[in-house]
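Student: Sharing a structure below in structure tokens format, with a few things to ask.
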Amino acid sequence: MLSITEIKRHLPQKFVENLYDNYSPITVDKILLGMTDDRYVTLRVNTLKYDIQNLMKDFKELNIKFERVPWYNDALIIKNAREKDIQKLELYKNGYLYIQSLSSMIPPLVLAPKPGEMALDMTAAPGSKSTQMACLMENKGYILANELDKIRVEKLKYNVEMQGASIIEVMNGRGEKLGENFEQKFDKVLLDTPCSGEGRFIATKPMSYKNWSEKTINDLTKMQKKLFASACKALKSGGELVYSTCTINKQENEFILDWALNNFDLKLVNIDIDIKNAINGDNSGLNRTIDKSIKILPSKYMEGFFVSKFINNSG
């Protein structure tokens, strides 16, 4: 395993400097150590086709070792198999399970769409969260899964069909326009926005951070604000919105929340999921409610992630 000094040498220098500007040295060490090597394969059972008890029984027969996830009964951590090994299984080919990072499973759980509701996934490909939402809704209601990239739309369509998520309609369009086209239509909106992806960095894999730059972050925040404004417009009065990213800087997380609370009639609410490696959002110099958001630090089990939940108070 790499030392913290070696990890720092691998990662972009400005990224490491920003960590020390925003976190305590102890927290920076945790973050850097969480970026040392590959994470465990994690997955969830597709409850539209199967159940966790049968999946665990199958894995035991196949000698696949796993660990339960304390905050999500339908998720497993695989201890002795790689992603490509799981993909060879009939269980995978039949759509009985979905390989997904644990952090990625949190935003749908926090949004908690119910059967019969209208839900929107604004940037949906490859479909991990949209299909998870369909499971939570028991395939009852409606989900609009939007994706801008035409190639990624095809992957989204494939996964939706494979998982049997019949309540999902796939759309190829600009997320910034959804608010205008579907004003106050949705009970629940998920904005898992495109971001700089810092939570996914692996120090020994330059491909994971080669596109990182402060300019990229600045460009992304402009788009994130446009998407957020669109999300608010698409949300019904009293509806709920989850804003999440797979990054850990304040510009794309706390600063976006502060901007949103200053510009829209929203209330930030607590997140009631007990995640071991999570800390509260940082209020420093910002809106006093921002600590209701959570930031998941990267680890062997989870990618770095940020999750927040709002209620639309506008009449």
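The values are calculated or read from the model by the stated rules, or taken from the named source; none is laboratory data. A quick note: this is a predicted structure, and the numbers were derived from the prediction, not measured. Glycine gets a Cβ as well: all are built from the backbone with ideal geometry, and neighbour counts include every protein chain shown.
Student: Among the residues in the stretch 137-154, are any over 30 Å from Met1 (Cβ atoms), out of contact with any Lys or Arg (no Cβ under 6 Å at 6 or more places or on another chain) and among the small types (Gly, Ala, Ser)?
Tutor: Looking for residues that are over 30 Å from Met1 (Cβ atoms), out of contact with any Lys or Arg (no Cβ under 6 Å at 6 or more places or on another chain) and among the small types (Gly, Ala, Ser), one finds at least one in the stretch 137-154, hence yes.
Student: Determine, yes or no, whether Lys276 is surrounded by fewer than 19 Cβ atoms within 10 Å (Cβ to Cβ) and under 20 Å from the mean Cα position of the chain (by Cα).
Tutor: Values: surrounded by fewer than 19 Cβ atoms within 10 Å (Cβ to Cβ): yes; under 20 Å from the mean Cα position of the chain (by Cα): yes.
Against the criterion (surrounded by fewer than 19 Cβ atoms within 10 Å (Cβ to Cβ) and under 20 Å from the mean Cα position of the chain (by Cα)), Lys276 qualifies.
Student: Just to verify a result, which residue in the stretch 178-211, among those that are basic (Lys, Arg) and either outside the structural domain of Cys135 (by TED's automatic domain parsing) or surrounded by 14 or more Cβ atoms within 10 Å (Cβ to Cβ) (or both), is farthest from Glu6 (Cα to Cα)?
Tutor: Start the filter on the stretch 178-211 by keeping residues that are basic (Lys, Arg), which leaves 185, 188, 200, 205, 210.
Next, only the ones that are either outside the structural domain of Cys135 (by TED's automatic domain parsing) or surrounded by 14 or more Cβ atoms within 10 Å (Cβ to Cβ) (or both) stay: 185, 188, 200, 205.
Working: Lys185: 50, Lys188: 43, Arg200: 18, Lys205: 13 Å.
The residue in question is Lys185.
Student: From the set of residues in the stretch 283-315 that are out of contact with any helix residue (DSSP H, G or I) (no Cβ under 7 Å at 6 or more places or on another chain) and crowded, with 24+ Cβ neighbours inside 10 Å, which is farthest from Leu19 (Cα to Cα)?
Tutor: Filtering first and then ranking leaves Phe310.
Student: Answer yes or no: is there a residue in the stretch 25-35 that is within 20 Å of the chain's Cα centre (by Cα), closer than 23 Å to Ala165 by Cβ, in contact (Cβ under 8 Å) with a residue 24 or more places away in the chain and not assigned by TED's automatic domain parsing to the domain that holds Tyr301.
Tutor: Within the stretch 25-35 (the criterion being within 20 Å of the chain's Cα centre (by Cα), closer than 23 Å to Ala165 by Cβ, in contact (Cβ under 8 Å) with a residue 24 or more places away in the chain and not assigned by TED's automatic domain parsing to the domain that holds Tyr301), the answer is no, since none of the residues qualifies.
Student: For Ala229, state whether it is aliphatic (A, V, I, L, M) and buried (at least 20 other Cβ atoms within 10 Å of the Cβ). Spell out the reasoning first.
Tutor: Details: aliphatic (A, V, I, L, M): yes; buried (at least 20 other Cβ atoms within 10 Å of the Cβ): no.
It is false that Ala229 is aliphatic (A, V, I, L, M) and buried (at least 20 other Cβ atoms within 10 Å of the Cβ).
Student: Mind telling me which of the residues Asp38, Asp29, Asp74 ends up being outside any loop (DSSP other than H, G, I, E, B) and surrounded by fewer than 17 Cβ atoms within 10 Å (Cβ to Cβ)?
Tutor: On the way: Asp38 fails: outside any loop (DSSP other than H, G, I, E, B); Asp74 fails: surrounded by fewer than 17 Cβ atoms within 10 Å (Cβ to Cβ).
After applying the criteria, what remains is Asp29.
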